[in-house]
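Bear in mind that the values in this text are calculations on the coordinates, not laboratory data. Model, not experiment: these values are computed from the prediction. All Cβ positions, even for glycine, are placed from backbone atoms using ideal geometry, and neighbour counts span all protein chains on display.
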Amino acid sequence: WSYCANNIVYVTWDIVDRLAWKNLFYNFPYEKRLELLKSFIEGFRINSVSTMFTNRLQIVETVILNNEEEVAEYYASKLANKQEGIVVKNFDLIWEHDKTILGMIKLKEFKECDLVIVGWTAGKPNTQFELGVGSYLCESSCGKLVVNCSGLTMGQRGYERVDDNDSALGIKLIERFDPAINLGKIAAIKFNYVISKKGSTTKSLNLPNIIEIRESFDKSVAETLE
């Protein structure tokens with residue numbers, strides 16, 4: 001508790017009216033919300049009962065960028081400092097809960113690697129793909145990186161449409177589909193960065209998705225962790 005009292009800070013990046021938050025929609029431009037947030041934090045610092053709390057409420061680093069070149073330069077500086085990326089917002093951006101809206105874009109670095117498919121897991125119970133493939137277990141040729149990857153097409157999951165001309169009829173399992181059909185094939189994986197797994201000697205990947213399973217075996221050897 002002593003460590004928490006002396007070290008924890010609360011970093012904010014937006015502020016929403018309480019009633020608007022309950023309604024999941026706030027038609028108030030980001031520029032005004034940012035001004036309000038800065039004012040709120042400054043008031044907190046001025047009125048803190050103790051100097052030890054004055055810096056406990058902070059605003060995430062926010063800068064004004066005027067063109068694509070400045071965005072690219074700022075983004076590169078964050079990657080150089082081992083940070084994940086940046087979020088670019090338009091000053092007119094409104095707030096809407098859990099929806100992708102115009103005026104905001106997240107920039108993250110993604111890389112690609114080739115791993116071999118060594119196993120598979122079933123789809124999540126009570127979902128449309130529960131009887132098919134949920135993800136493929138992939139690993140590097142050295143065995144030092146092991147990761148469950150999704151991003152599969154409907155066919156790779158073992159499903160097809162009941163009627164190709166009418167999507168409303170839903171999907172069905174492909175007759176005699178074998179989930180092991182892709183074992184041993186090389187998969188091209190898109191990912192953010194390599195991560196460590198707690199209690200494991202192997203590494204994994206952040207935000208992994210299969211972008212291609214090499215059906216033709218044009219590449220038969222996976223990459224190493226290095």
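Observations on the structure shown:
- Contour excess over end-to-end distance, with Cα ends at residue 65 and residue 112 and 0.36 nm allotted per residue: 14.0 nm
- Segment 81-134 - charge dipole about Cα centre, Lys and Arg +1 at Cβ, Asp and Glu -1, debye rounded to 20: 120 debye
- Spin-label pair residue 169/residue 20, simplified geometry with 7 Å Cα→Cβ offset, distance in nm: 4.8 nm
- In the chain, a dipole from Cβ-located charges (positive for Lys and Arg, negative for Asp and Glu) runs towards its positive end, and of 110, 90, 6 it is 6 whose Cα lies farthest in that direction.
- Rg and Dmax of the chain, based on Cα coordinates, read 23.6, 70 Å.
- Exceeding the 19 Å Cα-Cα cut-off - candidates 144/198; 111/198; 108/198: 111/198; 108/198
- With R₀ set to 22 Å, the beta-carbon distance separating residue 224 from residue 80 gives a calculated FRET efficiency near 0.30.
- Net length gained if the chain between residue 213 and residue 150 were fully extended (0.36 nm per residue, minus Cα distance): 21.5 nm
- The trypsin sites (Lys or Arg not before Pro) of segment 21-99 that meet both conditions, a loop assignment by DSSP and at most 10 other Cβ atoms within 10 Å of the site Cβ, are 82, 99.
- For the chain, size of Cβ-based charge dipole, Lys and Arg +1, Asp and Glu -1, in debye: 960 debye
- Ranked by the mean number of other Cβ atoms within 10 Å of their residues, highest first, the peptides 11-21, 148-158 fall in the order 148-158, 11-21.
- Extension gain from residue 202 to residue 92, taking 0.36 nm per residue of separation minus the Cα-Cα distance: 35.1 nm
- The share of Cα pairs per 5 Å bin across segment 1-102, counted from zero up to the longest distance, runs 2, 11, 15, 17, 18, 17, 13, 6, 1, 0 percent.
- Each Lys and Arg contributes +1 and each Asp and Glu -1, all at the Cβ; summed about the Cα centre of segment 145-226, the dipole is approximately 500 debye.
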